[in-house]
Amino acid sequence: TTLMKEKLVVFLAGLQYIAVQIINTSGCFKSFLLANCSIMYLFLLFLADGPSIQQVLVELTNQRTVPNVFVNGTHIGGCDATYQAYHDGSLQKLLGDSKDAETYDYDLIIIGGGSGGLACSKEAAGFGKKVLVLDYVVPTPLGTSWGLGGTCVNVGCIPKKLMHQAALLGQALQDSRKYGWQYEEQVKHNWETMVEAIQNYIGSLNWGYRVSLREKSVTYLNSYGEFVEPHKIKATNRKGQVTYHTAETFVLATGERPRYPGIPGDKEYCITSDDLFSLPYCPGKTLVVGASYVALECAGFLAGLGMDVTVMVRSILLRGFDQEMAERIGAYMETHGVKFIKKFVPVQVEQLEEGMPGRLKVTAKSTGGEPEIFEEEYNTVLLAIGRDACTRNIGLETIGVKINEKNGKVPVNDEEQTNVPYVYAIGDILEGKLELTPVAIQAGKLLSKYEFLFTPLEYGSCGLSEEKAIEGYGKQNLEVYHSLFWPLEWTVAGRDNNTCYGKIICNKHDNNRVIGFHVLGPNAGEVTQGFAAAIKCGLTKELLDETIGIHPTCAEVR
Amino acid sequence: MGWEEKQVRGYSEFVRTAQHYHGRPIFALFCGDKDAEGKSWCPDCVTAEPVVRKELHNMPDESVFIYCLVGDRAYWKDPNNEFRKNLKLTAVPTLLKYGTPQKLVEEECFKAELVRMLFTED
């Protein structure tokens, strides 16, 4: 029992074991040796009452084998258990009691300076924590890079919405003549002027974040971070200079990057959304590969700016979205200048001529039925087939953080904690929850999820798609109300009167509670924002009728 | 080579000077006019100037520091003055890196750390 007062007690067997065990366990224990933790090795073979101690050990711990490790009186187990405790941080925690806990450089290190990472850093700094943020953009295959702020600010939401706005203004110019505006000049669009203005704005945002972090005393490094040891990362800057930093807690906020299909010519000649928003020349005749919202939004504004745009789709549009809405969006785009090539995938991209833009030849194969080959020339090929989490090359395996090997995402619990207690994860890299959530909570979470699509015909939605609603509640329990509508602004402009569309999905057994809201039309994003709040408050069909003018035209279940 | 300072007054002189040094890093501090005793009508400019001057040695080699007096209080208050219209200035003092979106405005200019960051950021 006196032994238990020692910090770390390791029971070992005979001499021949000692060598092996010390080599095995020295990996774990070296950092504690550095921290002046004394380790008492008890060699059972040499102790006079070795066998009786061994007996006591079995009774205490149910463990017959050596090494048998105790820390501060707590039984850890054998070699495997000790390694496990080392990897998940619990060993260090036990060794570091509050009096002589290891001092770390920072309270918190955040890897990734995007929407998630920056929000987190500001919160933490607000609580007086010492915080380090690492942000580093690995250049695209074509060499594009950007500043602090992550995807949304630099190559996502912000520039996307601005280019969408540029396209809308083009449409507005066309409408304006019907409203009496007269001008002689042919109106043309200058890509370079638009990109310069957008990049200037983004630059001011990058700078704003730098100032904001500095004012909150958050340290920022433009360096690539990777784990080398528990609680320790290696940071490499643009010039290759390396520094090391330790922290009590870490947050992974590394986000995603566009995926490449792995066909000849993809990285050499194709661009992605990472390159599009700062492209120094007009893309010209463009092939957009993919059926995601990125693909459709980009195809939409490129066509709106006057370019010849084709979208190549492997199977369906907007997987995961309400399919009725997806079809309507696709149909609208098709009747408004976007070509679709359905059920084809590119297999090769060759360069016919270098230039800004150059000329590329795309070869594609059909995915269904008859094998067919398609060949066409384009100035630009924009790949938008999906995004992959940036979790593979940051040393997570070194510290034992588990990721989903298939998609690279990080599973976390309700507190966004990974399987390693001192490492958390936020944002696009998150997988679902570790444990299954009951349907009620699931529904609650889905209700608070809303999205907007800035396609030429904007789409906003909140809650469940019709497919998910049917799956979760059963067709017979739902009432779907829908309506085509003709925005007033479109009337005089002579635009379609059978395109804009709204639908709500209600749960019959809960007062016709609105569980899904979908709208297709101008300013759908703004409209949905308000509805999302109402739905969160438990909006029912009756309440809706009392406030707005979407009239039910079809009251039967679809 | 180090850095050099140019003192100018008014918008046209500022633009001429900035164009003259095109190709070199240009930093500019915009302040309200000074009276006969050398004191500006803008109290924040009075506070900011010494802070900025203390950090000038952090500017990269070949830099040009333009110290620009914008005009009197009435001129500055006019929402259509050239500095507001063309350079998009919103307040004095403003310290900026010419040709980039990087700038510090009002109290931000009081913080040596931020001024240093503006001068050394690339």
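Oblate is the label for the protein assembly as shown, because a/c, from the alpha-carbon gyration tensor with a ≥ b ≥ c as root eigenvalues, is 1.5 or above and a/b does not exceed b/c.
Please give the FRET efficiency for residue A:268 paired with residue A:217, using the beta carbon to beta carbon distance and R0 = 45 Å, rounded to the nearest 0.05.
It comes out at approximately 0.55.
The length gained on full extension between residue A:183 and residue A:239, counted as 0.36 nm times the residue separation minus their Cα-Cα distance, comes to 14.8 nm.
Shielding value for A:207-213 is 4, the average number of Cβ atoms from other chains within 10 Å of each residue's Cβ.
How shielded is B:99-108 by partner chains, expressed as the average number of their Cβ atoms within 10 Å of its Cβ atoms?
Working: counts 0, 4, 10, 7, 3, 2, 1, 0, 1, 3.
Going residue by residue through B:99-108 and averaging, the value is 3.
Counting only DSSP beta bridges whose two residues both lie in the protein assembly as shown, roughly 60 percent are antiparallel. Estimated from helical segments only, the mean residue ellipticity of the protein assembly as shown at 222 nm is -10000 deg cm²/dmol, where each DSSP H run of four or more residues counts as -39500 (n - 2.57). Rounded if a/c is under 1.5, else prolate if a/b is larger than b/c, else oblate: which is the stretch A:191-328, with a ≥ b ≥ c the root eigenvalues of its Cα gyration tensor? It is prolate, given that a/c is not under 1.5 and a/b is the larger ratio.
Ordered by the count of other Cβ atoms within 10 Å of each Cβ, fewest first, A:527, B:15 give B:15, A:527.
Ignoring lysines fewer than eight residues from residue A:122 along the same chain, the ones with Cα atoms less than 16 angstrom from its Cα are A:130, A:216.
Across B:90, B:47, B:100, mean-square fluctuation computed from a Gaussian network of chain B (C-alpha pairs under 10 Å connected) peaks at B:100.
The Cys residues in chain B with no partner Cys Cβ within less than 4.7 Å of their Cβ are B:68, B:109.
Once C-alpha pairs closer than 8 Å and six or more residues apart are averaged by separation and normalised to the residue number of chain B, the relative contact order reads 35 percent.
Pop a pseudo-label 7 angstrom from the Cα along the beta-carbon direction at both residue B:107 and residue B:77 and give the gap in nm to one decimal. In this crude spin-label approximation the distance works out to 2.4 nm.
In summary, the lysines within cross-link reach of residue A:178, defined as a Cα separation below 22 angstrom excluding same-chain residues under 8 places away, comprise A:188.
Listed by chain and number, the lysines placed with their C-alpha closer than 29 angstrom to that of residue B:34 are B:6, B:54, B:77, B:85, B:88, B:97, B:103, B:111; residues fewer than eight positions away on the same chain are left out. Counting Cβ atoms of other protein chains within 10 Å of each Cβ in B:111-118 and taking the mean gives 3.
Which percent, to the nearest 5, of DSSP beta bridges fully inside the stretch A:319-435 are antiparallel? That works out to approximately 90 percent antiparallel. Counted by neighbouring Cβ atoms within 10 Å, the residues A:492, A:313 run from fewest to most as A:492, A:313. With each pseudo-label sitting 7 Å past Cα toward Cβ, what's the residue B:86-residue A:103 distance in nm, one decimal? Inter-label distance under the simple model: 5.6 nm. How big is the antiparallel share of DSSP beta bridges in chain B, given as a percent to the nearest 5? Taking every DSSP beta bridge within chain B, about 40 percent pair in antiparallel fashion.
Only the coordinates and a few stated rules stand behind these numbers; no lab work does. Quick caveat, the model's predicted, so the values are computed rather than measured. Note: ideal-geometry Cβ built from the backbone for every residue, glycine included; neighbour counts use all protein chains shown.
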